[in-house]
Structures are given as structure tokens and as C-alpha cells.
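J.: Structure in C-alpha cells, see below.
The values are calculated or read from the model by the stated rules, or taken from the named source; none is laboratory data. Keep in mind it's a predicted model, so treat the numbers as computed, not measured. Don't worry about glycine lacking a Cβ; one is built from the backbone with ideal geometry, like all the others, and counts go over all protein chains shown.
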Amino acid sequence: MKKTKYFITILMLCTSLSMGQELSGKAGSFVDIGFGTRAVGMGNAYIALANDASSIFWNPSGLTSVENIGVEFNYSKQLQIIPYGTASASIPLGNNNGAGVGVIYSGDDALKELTFMAAYAHQFGNFSAGLSLKYRHVSFGNNGFDEGSYIIFDPAEIEEGRLNQVFGTGSGFGLDLGLQYHLYDYLTLGLVVKDIFAPVNWNSDNNSTDNKPKGSYSESIPTELVLGISLNPMNGLIINSDYKPNILRETSQKFNFGVEYLLLDIIAFRAGTQQLLNSEPDEKYAVGLGIQYKITTLLTKVNFTYLIEELSNTYRFSVGIDF
């Protein structure tokens, strides 16, 4: 019984342990939950369509499609627990060139992640190609705890848990490559390879003299390949689908599908689904609503998405402006 209590204590107090023990190689850190309320509203099927300020998160080649400077801010609370915020900007450079920058922020003192991104894209005829460079930084284990919350444990067990609480930092770079092929006016194909090169250097420690963590080491975030298609069969209607094959054992095959209908060039209705090709009940469904309105030269966009998934339903909210 005492060993069981001790084990539970360690789990409760060392909330950051997983971040310092070789889990980034299993997509355990810097998890891509889908950034961009419009895209999530279409079931995360956005690789071939990406054409706004959020393109830097999905497919940097889409930055060649933006015609005006655009900014976008997104907020979500993953599983009603973990806050995520993003900010991104798209910048047309002329002569079929585009650029973008983005920031992803998530977590709290227990686990805080920050990613900075910069991207460049160029269009060659019907092809668009883009590169995105990421810098990632994480800190973990800086959270304290109230001993009064652990009344079922004796002081010695609580002290042991405190000594074994892992803390530290991690940082690294990532590189994404994106392509879009505008086959027809109504049909676009997309491809993105995320984290072609994505090492993360970790440095972890604790206050124990007996059970030391991994310490300093390096590992890589898994590479992901995503294929997409976007169809515009009629004015205002967009149909998207993405497929992510399992190129590494640590990742899962995914099939995403979504639709958007823009009414009167003002109100957008969206729906989509994300299906992991396995036997687990981990599929996701999304419905979304967007409103855009142009005032003089400013196009203001407000988007809301409600995401239905097994553990907890969540929402996404964004505000964007095109200048």
C-alpha cells in the first residue's frame, strides 16, 4: 500500500516529468492540435486550401495566395484545461512571393511551450512552394503545490515527491516544406512535410540525490507527411480533404474532411471531421461559423468553432483583419 501511495504521489507532484523523459520523439511535446479556427471548423482539412494568415501553421506555400496584409489571433482551451493562443500575419511581397510570421503559446508554470515561426513562399506557374522555419522553447516543472491538497499522504511522502519533481527547459528548431498545385481554377492539390528536421535539446533536473532524471540530451519531433485536395465546385462552396499516412510508428493515420459555404460573401457555415484510422473511439467532429465584413479597406473576420471529441468538447475563437 505504501508503494502505491508513493507512486501516486510522484504522479501528482511531477506533472512535468513526461516532458523531460524522451517523449518529444513520440509527439508528446509541441503537439499540433490544429491552429486556426477556420481550418479546425473544416475538420483540420486545410492543406490544399490554406490561403490566409494561418497558412504558416498548415502549409506555408499558401502564403502566395494572400493579396493583402493579414493578421489573425486565435484562442482555445484544449480539453477545457490547456490554454492555447496563436498570432499570425501574412505579407504579400509581389512578383508571386509571400511571407508570414507566427507565434504559438500554450500552458502554464507546469508546462509552458512557445513556438516562433517565419515562412517564405514563391509561385512558379501553377505550383506554389513554401518553407517555414520554427524555433521552439519549453519550460516545465516550475509549478508549486499546496501540501494541504495531499492530506492522504504523510509528510515524508510529500517531501519525497517534492524532491523528485522534475524541472528544466528544452529548445530546438523545426523545418516545414509545403507545396500547392493549382490544377484548375476549381481544384487544388496540396502537400506538406512537417518537421523535416526538428531536433529538441532537453535539460532536466530535480532536487533528489538518488533518483536523477535524464539530464541533458537531444531527440527529434516526428516528421509528418500530409496530402490534401480542395475542390470549389460552385461559387461559395469549398470541399476539402486531407490524408496523413503513418510514415513513422509513433504517428497515426488520419483522414480529415470538411466543407465551407460562404453566403452573400458575409456568413460562412462550416463542418468537418477528423478520423484516425484505428479501432479507438478518437474521432473528432466540428461545426463552425464565420462572419466577415469589409469597412472601407479593412476586411474584419470573426470565426467560431465547436469541436466535439471523446474526452471533452472544446471551442475555438479567432479575430482577423486584412488591410
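J.: Residue check, Ser171 against (1) surrounded by 18 or more Cβ atoms within 10 Å (Cβ to Cβ); (2) in contact with a His (Cβ under 6 Å, 6 or more places away or on another chain); (3) small (Gly, Ala, Ser), all met but one. Which one?
T.: Condition not satisfied by Ser171: (1).
J.: Select from segment 114-130 the residues that are closer than 20 Å to Ile196 by Cβ and under 17 Å from the mean Cα position of the chain (by Cα) and list them in ascending order.
T.: Thr115, Phe116, Met117, Ala118, Ala119
J.: Within segment 57-82, which residues are under 15 Å from Gly34 (Cβ atoms) and either at pLDDT below 90 or in a helix (DSSP H, G or I) (or both)?
T.: Of all residues in segment 57-82, those under 15 Å from Gly34 (Cβ atoms) come to 57-59, 72, 74-79, 82.
Passing the criteria: Phe57, Trp58, Lys77, Gln78, Leu79, Ile82.
J.: Are there any pairs, at least 6 apart or on different chains, whose C-beta atoms fall under 8 Å, with the first in segment 118-140 and at pLDDT below 95 and the second part of a loop (DSSP other than H, G, I, E, B) and among the hydroxyl-bearing types (Ser, Thr, Tyr), and if so, which?
T.: Within 8 Å, the pairs are Val138/Ser29; Phe140/Ser16.
J.: Shifting gears a bit: Can you pull out the residues in segment 223-267 that are under 20 Å from the mean Cα position of the chain (by Cα), closer than 21 Å to Ser61 by Cα and of a type outside the set (A, V, I, L, M, F, W, C)?
T.: Scanning segment 223-267 gives Thr223, Glu224, Gly228, Asn240, Ser241, Asp242, Tyr243, Lys244, Pro245, Asn256, Gly258.
J.: A further question on this structure: How many residues, within segment 215-246, are hydrophobic (A, V, I, L, M, F, W, C), within 18 Å of Leu175 (Cα to Cα) and in contact with a Ser or Thr (Cβ under 7 Å, 6 or more places away or on another chain)?
T.: Our first condition is that a residue be hydrophobic (A, V, I, L, M, F, W, C); within segment 215-246, this holds for 221, 225-227, 229, 231, 234, 237-239.
After this cut, where a residue has to be within 18 Å of Leu175 (Cα to Cα) as well, the list is 221, 225-227.
Pick out the ones that are also in contact with a Ser or Thr (Cβ under 7 Å, 6 or more places away or on another chain) and you get 221.
The number of residues fulfilling the criteria is 1.
J.: Next up: For segment 253-282, how many residues meet the condition of being in contact with a strand residue (DSSP E or B) (Cβ under 9 Å, 6 or more places away or on another chain) and over 21 Å from Ala48 (Cβ atoms)? Please lay out each step first, then the result.
T.: Kept after step one, since they are in contact with a strand residue (DSSP E or B) (Cβ under 9 Å, 6 or more places away or on another chain), are these residues of segment 253-282: 253-263, 265-277, 282.
Cutting the leftovers down to over 21 Å from Ala48 (Cβ atoms) gives us 263, 265-267, 282.
Within segment 253-282, residues that are in contact with a strand residue (DSSP E or B) (Cβ under 9 Å, 6 or more places away or on another chain) and over 21 Å from Ala48 (Cβ atoms) number 5.
J.: Any chance you could count how many residues in segment 27-56 are under 17 Å from Asn240 (Cα atoms) and either of a type in the set (A, V, I, L, M, F, W, C) or in a helix (DSSP H, G or I) (or both)?
T.: If we filter segment 27-56 for residues that are under 17 Å from Asn240 (Cα atoms), which is where we start, we get 34-52, 54-55.
Filter once more, keeping what is either of a type in the set (A, V, I, L, M, F, W, C) or in a helix (DSSP H, G or I) (or both): 35, 37-42, 45, 47-50, 55.
Total meeting the criteria: 13.
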